[in-house]
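Below is one structure; the comments refer to it alone.
The values are calculated or read from the model by the stated rules, or taken from the named source; none is laboratory data. The structure presented is a predicted model; accordingly, all values stated were derived computationally and were not measured. Backbone-built Cβ (ideal geometry, glycine too); neighbour counts: all protein chains shown. Calculation scope for accessible area: heavy atoms of the full protein, side chains included, ligands and nucleic acids excluded. Shrake-Rupley method; radii C 1.70, N 1.55, O 1.52, S 1.80 Å.
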Amino acid sequence: MVKDLIERTFIAVKHDGVQRGLVGEIIKRFEQRGLKLVAMKMVFPTEAIADKHYVLTPAFIEKLGENTRKAAASRGAEVKETNEEIATRVKNWNMKYLTEGPVVAMIWEGFHAIEVGRKIVGPAESKGAPIGTIRGDFSTESYGMADKLGRPLRNLVHASGNKEEADNEVALWFKPEEIFGWETNRWKVMHKY
Ligand code: ADP
């Protein structure tokens, strides 16, 4: 059914994005793509929520390990840690980063919202992120500099990576009554839906 193509994705402007005054710019990019905002709030994340947000599933551990290794290889560096060690280190860094200041948490809904949300945000390493993506337009972070500085890539925004992550993150950050099921007439024109 066509309705199955409508997804919800969790997007958060991390506190560096808030500090830099990019909240409006970031929201604009989701709105202009045709997604529908169904929940939004400012939250000062606690350690507990940061811990649950960065769940070290086998898939996440592998992804972090692979991306970190690939980035190291491209600058001629060697990573001696196992994937688990990389994931634990990055998770600790991320927990610190997420709890440093208030974030703007949102749920966006629409056709292919998860994939489209990732495209709008761009890849984790801003240095190589395509121009036109949020990370590509507003930051220049790299894995190498993050390593040297002993902190995660400060890349402005979080976007759910897949359906499982999106479902978990929506449930973690929002109560059901904070999510609004309003109808958008825009979709009638955009999708004849
Ligand atoms: P994304 O944010 O694009 O979903 P990941 O899920 O791979 O990226 O990682 C989550 C976040 O963890 C990244 O946005 C980045 O801030 C941080 N991160 C991941 N790997 C590293 C690393 N090797 N060094 C520093 N920070 C990292």
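Can you say whether I134 is within 11 Å of F30 (Cα to Cα) and in contact with a helix residue (DSSP H, G or I) (Cβ under 7 Å, 6 or more places away or on another chain), as far as the supplied structure shows?
Here the answer is yes, as I134 does meet what is asked.
Quick one: count up the residues across the range 58-80 that are open to solvent by less than 50 Å² (accessible area, probe 1.4 Å) and more than 10 Å from the ligand (Cβ to nearest atom).
Initially, the range 58-80 is screened for residues open to solvent by less than 50 Å² (accessible area, probe 1.4 Å), giving 60-61, 64-65, 68, 71-72, 77, 79.
With more than 10 Å from the ligand (Cβ to nearest atom) added as a condition, the list becomes 61, 77.
Matching residues across the range 58-80 total 2.
Please determine whether any residue of the range 177-193 is on the phi > 0 side of the Ramachandran plot, exposed (fewer than 13 other Cβ atoms within 10 Å of the Cβ) and at pLDDT below 95. Walk me through how you get there before you give the answer.
First, pick out the residues of the range 177-193 that are on the phi > 0 side of the Ramachandran plot: 192.
Filter once more, keeping what is exposed (fewer than 13 other Cβ atoms within 10 Å of the Cβ): 192.
Applying the additional criterion that residues be at pLDDT below 95 yields 192.
Looking for residues that are on the phi > 0 side of the Ramachandran plot, exposed (fewer than 13 other Cβ atoms within 10 Å of the Cβ) and at pLDDT below 95, one finds at least one in the range 177-193, hence yes.
Of these, V104, V38, V79, V90, which one is part of a loop (DSSP other than H, G, I, E, B) and among the β-branched types (V, I, T)?
Matching residue, one of V104, V38, V79, V90: V79.
Out of the residues in the range 81-103 meeting the condition of being among the β-branched types (V, I, T) and open to solvent by less than 10 Å² (accessible area, probe 1.4 Å), tell me which one is nearest to the ligand (Cβ to nearest atom).
Among those residues, the one meeting the criterion is I86.
How many residues does the range 143-185 contain that are near the ligand (Cβ under 9 Å from one of its atoms), of a type in the set (S, T, Y) and farther than 19 Å from V103 by Cβ?
Looking only at that region, the number is 1.
Filter the range 136-169 down to the residues that are open to solvent by 20 Å² or more (accessible area, probe 1.4 Å), within 22 Å of K52 (Cα to Cα) and either in contact with a strand residue (DSSP E or B) (Cβ under 6 Å, 6 or more places away or on another chain) or not in a loop (DSSP other than H, G, I, E, B) (or both) and list them by number.
H158, K163, E164, E165, D167, N168
Please work out which one of (1) more than 13 Å from the ligand (Cβ to nearest atom); (2) open to solvent by 30 Å² or more (accessible area, probe 1.4 Å) is the condition I107 fails and give its number.
Checking I107 against (1) more than 13 Å from the ligand (Cβ to nearest atom); (2) open to solvent by 30 Å² or more (accessible area, probe 1.4 Å), the one that fails is (2).
What number of residues within the range 110-126 are part of a loop (DSSP other than H, G, I, E, B), within 10 Å of the ligand (Cβ to nearest atom) and open to solvent by 40 Å² or more (accessible area, probe 1.4 Å)? Outline the logic, then answer.
So the first thing to find is which residues in the range 110-126 are part of a loop (DSSP other than H, G, I, E, B), and the list is 112, 122-125.
Those still in the list that are within 10 Å of the ligand (Cβ to nearest atom) too: 122-125.
Checking which are open to solvent by 40 Å² or more (accessible area, probe 1.4 Å) leaves us with 123, 125.
So the count comes out to 2.
Read through the list (1) under 15 Å from the mean Cα position of the chain (by Cα); (2) assigned to a helix (DSSP H, G or I), then give the number of the only condition that E25 fails.
Of (1) under 15 Å from the mean Cα position of the chain (by Cα); (2) assigned to a helix (DSSP H, G or I), only one is false for E25: (1).
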